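Engineer: This is the structure, below, for whatever I ask next.
The values are calculated or read from the model by the stated rules, or taken from the named source; none is laboratory data. From a predicted model like this one, the values you see are computed outputs, not experimental measurements. Counting neighbours? That spans all protein chains shown, and the Cβs are built from the backbone with ideal geometry, glycine included. Remember, those area values only see protein heavy atoms, side chains included, never the ligands or the DNA or RNA. Shrake-Rupley method; radii C 1.70, N 1.55, O 1.52, S 1.80 Å.
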Amino acid sequence: QGCTQKYIVKNYFYYYLFKLSAALGEEIFYITFLPFTYWNIDHSVSRRMIIVWSIVMYIGQVSKDILKWPRPLSPPVVKLEVRTNAEYGMPSTHAMAATAISFSFFIATTNQYKYPFELGLVAAFVFSTLVCLSRLYTGMHTVLDVIGGALISAVLLVLLYPAWDTIDHLLLTSPFCPLFSIVVPLVLCYNYPKLDYYSPTRGDTTTILGAAAGATVGFWLNNQYAAPAYTSKSFQSGFPLAISTMVFVLARFFVGILVVLLTRWVMKSVVLGALGYRYKFPIRDLEARRRLEVEVPYKFVTYSSVGFMATVVVPLLHELLGLM
């Protein structure tokens, strides 16, 4: 479905501000920010964010397809996005993701680092508010959708917070973690609520659960073999600390994101090729790729590989290149 109305941009500041803010609740943000925290900030912070993000997003996506509340009508609303227009509206998963990621990051880093509490709280609030407002500006959600999404996410955060340490400990130490991390998300994806027409929610949910599954297996494997943590010991003497830190941060990020994007491209081609051969359809057949028996394994295998590479292979590459 495309945009149903033509529009003229009269205020480019708001237009680009909210278009950018909307991107902070999409795959391009997840696939960069979440690995960035693992490579450059703190492993425990990243683990907690991924746990909260995957649970919150699964509940949000399923809720949409159970409630089946329509998105705002166009006209009178002008919709600035095409892809997500096929989804239902309530709750806004952009609002849920923004609230979950920003406040889980704030809560997790408050326990690890010393910085003004008020500054962290304001930053989390501004981040989530911008994403929420972007859903109104782009015409993709009603005020109720956005408020509902933010409130659901906040409630889930409150419920999950007391169990953070327990869940994290089990995922790192339990011998059943790899099996649990793969089987449970796959069962959830294959038993996703059925709709009368195709919606990208099942595919997006599979992407999220697949990435989280691969990352979780990576966390467990790293813990079993005591993978080295990122430190500043390898910084070259003679450089100012701030410059050295920035160089290492950027180097780790660009090396890592290159591996992540290459993994996604290779696995997508390989898995789609294998499924196309198995079910006898050309790779470019969009309708065939939307079938349950194709979409779930294709996206789950692709993004679980991305999560695993980001948490296991990329850190080993960083160590090999002297970026630890």
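Engineer: Restricting the search to the stretch 193-212, which residues are open to solvent by less than 30 Å² (accessible area, probe 1.4 Å) and assigned to a helix (DSSP H, G or I)?
Structural biologist: Correct list: Thr201, Gly203, Thr205, Thr206, Thr207, Ile208, Leu209, Gly210, Ala211, Ala212.
Okay, residues lined up against (1) part of a helix (DSSP H, G or I); (2) without any contact (Cβ under 8 Å) to a residue 60 or more places away in the chain:
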position	(1), (2)
Arg278	yes, yes
Phe281	no, yes
Phe300	yes, no
Ser305	yes, no
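Engineer: Please verify whether Glu319 is open to solvent by 30 Å² or more (accessible area, probe 1.4 Å), out of contact with any helix residue (DSSP H, G or I) (no Cβ under 8 Å at 6 or more places or on another chain), more than 17 Å from Tyr30 (Cα to Cα) and of a type outside the set (Ser, Thr, Tyr), treating the condition exactly as stated.
Structural biologist: It is true that Glu319 is open to solvent by 30 Å² or more (accessible area, probe 1.4 Å), out of contact with any helix residue (DSSP H, G or I) (no Cβ under 8 Å at 6 or more places or on another chain), more than 17 Å from Tyr30 (Cα to Cα) and of a type outside the set (Ser, Thr, Tyr).
Listed here are the residues, each with its yes/no results for (1) out of contact with any Ser or Thr (no Cβ under 7 Å at 6 or more places or on another chain); (2) free of Cβ contacts under 8 Å to residues at least 12 places away in the same chain; (3) polar (S, T, N, Q).
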{"site": "Met57", "(1), (2), (3)": "no, no, no"}
{"site": "Ser63", "(1), (2), (3)": "yes, no, yes"}
{"site": "Ile66", "(1), (2), (3)": "yes, no, no"}
{"site": "Pro72", "(1), (2), (3)": "no, no, no"}
{"site": "Val77", "(1), (2), (3)": "yes, no, no"}
{"site": "Met90", "(1), (2), (3)": "yes, no, no"}
{"site": "Ser104", "(1), (2), (3)": "yes, no, yes"}
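Engineer: Give the residues of the stretch 87-115 that are in a helix (DSSP H, G or I) and open to solvent by 20 Å² or more (accessible area, probe 1.4 Å), sorted by residue number.
Structural biologist: Phe103, Phe105, Ile107, Thr110
Engineer: Residue check, Ala97 against (1) within 22 Å of Trp220 (Cα to Cα); (2) in contact (Cβ under 8 Å) with a residue 60 or more places away in the chain, all met but one. Which one?
Structural biologist: (1)
Engineer: Yes or no: the stretch 67-74 includes at least one residue that is in contact with a helix residue (DSSP H, G or I) (Cβ under 9 Å, 6 or more places away or on another chain), assigned to a helix (DSSP H, G or I) and open to solvent by 20 Å² or more (accessible area, probe 1.4 Å).
Structural biologist: So far as the stretch 67-74 goes, no, none of its residues is in contact with a helix residue (DSSP H, G or I) (Cβ under 9 Å, 6 or more places away or on another chain), assigned to a helix (DSSP H, G or I) and open to solvent by 20 Å² or more (accessible area, probe 1.4 Å).
Engineer: Which pairs turn up if I take residues in the stretch 7-23 that are in a loop (DSSP other than H, G, I, E, B) and look for partners that are surrounded by 13 or more Cβ atoms within 10 Å (Cβ to Cβ) and of a type outside the set (Phe, Trp, Tyr) with beta carbon separation below 6 Å, at least 6 apart in sequence or on another chain?
Structural biologist: Hits for this filter: Tyr7/Val78.
Engineer: Tyr30 is checked against (1) surrounded by fewer than 20 Cβ atoms within 10 Å (Cβ to Cβ); (2) within 21 Å of Arg252 (Cα to Cα) and fails just one. What number does that condition carry?
Structural biologist: Answer for Tyr30: the failing condition is (1).
Engineer: Could you tell me whether the stretch 167-174 includes any residue that is part of a helix (DSSP H, G or I), of a type in the set (A, V, I, L, M) and under 19 Å from Phe33 (Cβ atoms)?
Structural biologist: No, there is no match, as no residue in the stretch 167-174 is part of a helix (DSSP H, G or I), of a type in the set (A, V, I, L, M) and under 19 Å from Phe33 (Cβ atoms).
Engineer: Would you check which residues across the stretch 243-264 are over 12 Å from Met309 (Cβ atoms) and surrounded by fewer than 14 Cβ atoms within 10 Å (Cβ to Cβ) and list them?
Structural biologist: Of everything in the stretch 243-264, those that are over 12 Å from Met309 (Cβ atoms) and surrounded by fewer than 14 Cβ atoms within 10 Å (Cβ to Cβ) turn out to be Ile243, Met246, Leu250, Phe254.
Engineer: How many residues, within the stretch 162-176, are surrounded by 14 or more Cβ atoms within 10 Å (Cβ to Cβ) and of a type in the set (Asp, Glu)?
Structural biologist: So the answer is 1.
Engineer: Which of the residues that make up the stretch 36-49 are touching a Ser or Thr at 6+ places or on another chain (Cβ under 8 Å) and either small (Gly, Ala, Ser) or open to solvent by less than 20 Å² (accessible area, probe 1.4 Å) (or both)?
Structural biologist: If the condition is that a residue be touching a Ser or Thr at 6+ places or on another chain (Cβ under 8 Å) and either small (Gly, Ala, Ser) or open to solvent by less than 20 Å² (accessible area, probe 1.4 Å) (or both), then Thr37, Tyr38, Val45, Ser46, Met49 are the ones that fit.
Engineer: Then there is this: Look through Leu119, Leu179, Leu188, Leu159 and report the one residue that is surrounded by 13 or more Cβ atoms within 10 Å (Cβ to Cβ) and hydrophobic (A, V, I, L, M, F, W, C).
Structural biologist: Only one candidate passes the filter, namely Leu188.
Engineer: Cβ-Cβ distance below 6 Å, separation of 6 or more or different chains: which pairs start in the stretch 129-156 with a residue that is at positive phi and crowded, with 18+ Cβ neighbours inside 10 Å and end on one that is at pLDDT 90 or above and part of a helix (DSSP H, G or I)?
Structural biologist: Every condition considered, no pair remains.
Engineer: Name the residue, out of Val158, Val183, that is under 27 Å from Arg291 (Cα atoms), out of contact with any strand residue (DSSP E or B) (no Cβ under 6 Å at 6 or more places or on another chain) and modelled with pLDDT of 85 or more.
Structural biologist: The conditions single out Val183.
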